[in-house]
Amino acid sequence: MLWIFMIIFSVGVSFIVFPILASINFRKNVRMPAWRIRQQENFQMFIERIIIQENESKSNYKARRLLKMAGYPFKLQVFHYRLLQILVPVIAALFFMLLYLLKTVIHGAIPFPIVPFVMIIAIVTLCPNLILRYLVYKRREELAYEIVKFSHRLVVCVSENIPLYYAVKRAGRTCKKLKPYVDDMLMDWFDDARSAIMKFGDRVGLHEVIPVTNTLLASWNAPQDKIIDLFQHQIRNIDTMRDFQIKKKIEASPLRVTFVILIPFITAAGLVILPWYQNTIDILSKTFR
């Protein structure tokens, strides 16, 4: 209970102290010498080169792909994501050590809780990757639904014998997540339609958009009747893929329910093992004194 109180108290103090410190202007309006300005510019260029190298490194392809599929949340690049993966466990370890020091000051010398420390650091280390994968999953679900809706509306609009540009524009009005990508494609449409469609698929960054981009590439300069046939065939493919994903979720749902049911039993097992763990720690501490 004391640990929870100390964590809440520390977080509350940080919410008060950090905004006050951030509002204070520590810098004075003093003219900086030219060599100092050049030094800052060189340092900034050095940091930018490191960021570009890290973003374009082949070893970071998987992280770059996940960030792209997640829509670059909070405008994170690969460099920022890797830096976050390093800083989060370090900050968590320092915070844990601070709490341990405070507890030793209050209650005297106590054994260091190595097992909770390792578990917390392991969980915190996995958190950035798990959060990123959750954002990828959430964005994929939302965009997949809007791609299906966009495709159905596109067939209806094309059936009214209007140009493909205006059909795409009308079909994208009801979209929310997909609308910025559709607007960017329409802005570049008259410069180079094929390039605009390819950029649209690249910006969305999901496999579910490939049938739409392939159909648009095949039909942007095709006759009206052929466009309708292409989009109807594309809708059948998207619906088949969507049905397969829904069936896959239905098959996997019992595993999730089983995991939720097991949570109370795992908690009870932890509470049963906890006294044994505490007795073992006491015996070891007495043995090695």
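The values are calculated or read from the model by the stated rules, or taken from the named source; none is laboratory data. Just so it is clear, the structure is predicted and the values come from calculations on it, not from any experiment. Neighbour counts are summed over all protein chains in view; Cβ atoms, including those assigned to glycine, are modelled from backbone coordinates with ideal geometry.
Hey, among G71, G108, which residue is at positive phi, out of contact with any strand residue (DSSP E or B) (no Cβ under 8 Å at 6 or more places or on another chain), surrounded by 11 or more Cβ atoms within 10 Å (Cβ to Cβ) and of a type in the set (G, A, S)? Explain how you work it out, then say what you get.
Details: G108 fails: surrounded by 11 or more Cβ atoms within 10 Å (Cβ to Cβ).
Testing whether each residue is at positive phi, out of contact with any strand residue (DSSP E or B) (no Cβ under 8 Å at 6 or more places or on another chain), surrounded by 11 or more Cβ atoms within 10 Å (Cβ to Cβ) and of a type in the set (G, A, S) leaves just G71.
Does Y165 qualify as being of a type outside the set (S, T, N, Q), surrounded by 19 or more Cβ atoms within 10 Å (Cβ to Cβ) and over 18 Å from I235 (Cα atoms)?
Numbers: of a type outside the set (S, T, N, Q): yes; surrounded by 19 or more Cβ atoms within 10 Å (Cβ to Cβ): no; over 18 Å from I235 (Cα atoms): yes.
The answer is no for Y165.
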Which members of segment 57-68 meet the condition of being over 10 Å from the mean Cα position of the chain (by Cα) and either among the charged types (D, E, K, R) or crowded, with 17+ Cβ neighbours inside 10 Å (or both)? K58, N60, K62, A63, R64, R65
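Would you mind stating whether I283 is in a helix (DSSP H, G or I), modelled with pLDDT under 80 and within 27 Å of the chain's Cα centre (by Cα)?
Against the criterion (in a helix (DSSP H, G or I), modelled with pLDDT under 80 and within 27 Å of the chain's Cα centre (by Cα)), I283 does not qualify.
What do you reckon, is L274 modelled with pLDDT under 80, surrounded by fewer than 15 Cβ atoms within 10 Å (Cβ to Cβ) and not hydroxyl-bearing (S, T, Y)?
Working: modelled with pLDDT under 80: yes; surrounded by fewer than 15 Cβ atoms within 10 Å (Cβ to Cβ): yes; not hydroxyl-bearing (S, T, Y): yes.
Answer is yes for this residue.
Have a look at V156, V182 and point out the one that is surrounded by fewer than 14 Cβ atoms within 10 Å (Cβ to Cβ), of a type in the set (A, V, I, L, M) and either within 17 Å of I238 (Cβ to Cβ) or modelled with pLDDT under 85 (or both).
Working: V182 fails: surrounded by fewer than 14 Cβ atoms within 10 Å (Cβ to Cβ).
Residue meeting the stated conditions: V156.
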Of the conditions (1) surrounded by 14 or more Cβ atoms within 10 Å (Cβ to Cβ); (2) at pLDDT 85 or above, L102 satisfies every one except a single condition; which number is it? (2)
Could you please tell me which pairs satisfy a Cβ distance under 6 Å, a separation of 6+ or placement on different chains, a first residue in segment 145-169 that is farther than 13 Å from F231 by Cβ, and a second residue that is outside any helix (DSSP H, G or I) and at pLDDT 85 or above? E146/C175; E146/K177; E146/L178; Y165/W189
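Against the definition (surrounded by 14 or more Cβ atoms within 10 Å (Cβ to Cβ) and small (G, A, S)), how does A122 come out, yes or no? Spell out the reasoning first.
Working: surrounded by 14 or more Cβ atoms within 10 Å (Cβ to Cβ): no; small (G, A, S): yes.
Answer is no for this residue.
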Pairs where the first residue, in segment 262-280, is under 17 Å from V115 (Cβ atoms) and the second is acidic (D, E) and surrounded by fewer than 10 Cβ atoms within 10 Å (Cβ to Cβ), C-beta under 9 Å, 6+ apart: none
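I'm checking my understanding of the structure. Among residues of segment 219-229 that are surrounded by fewer than 19 Cβ atoms within 10 Å (Cβ to Cβ) and touching a helix residue (DSSP H, G or I) at 6+ places or on another chain (Cβ under 6 Å), which one is modelled with the highest pLDDT?
This residue is I228.
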For V136, all conditions in the list (1) in a helix (DSSP H, G or I); (2) of a type in the set (V, I, T); (3) surrounded by fewer than 13 Cβ atoms within 10 Å (Cβ to Cβ) hold save one; what is the number of the exception? (3)
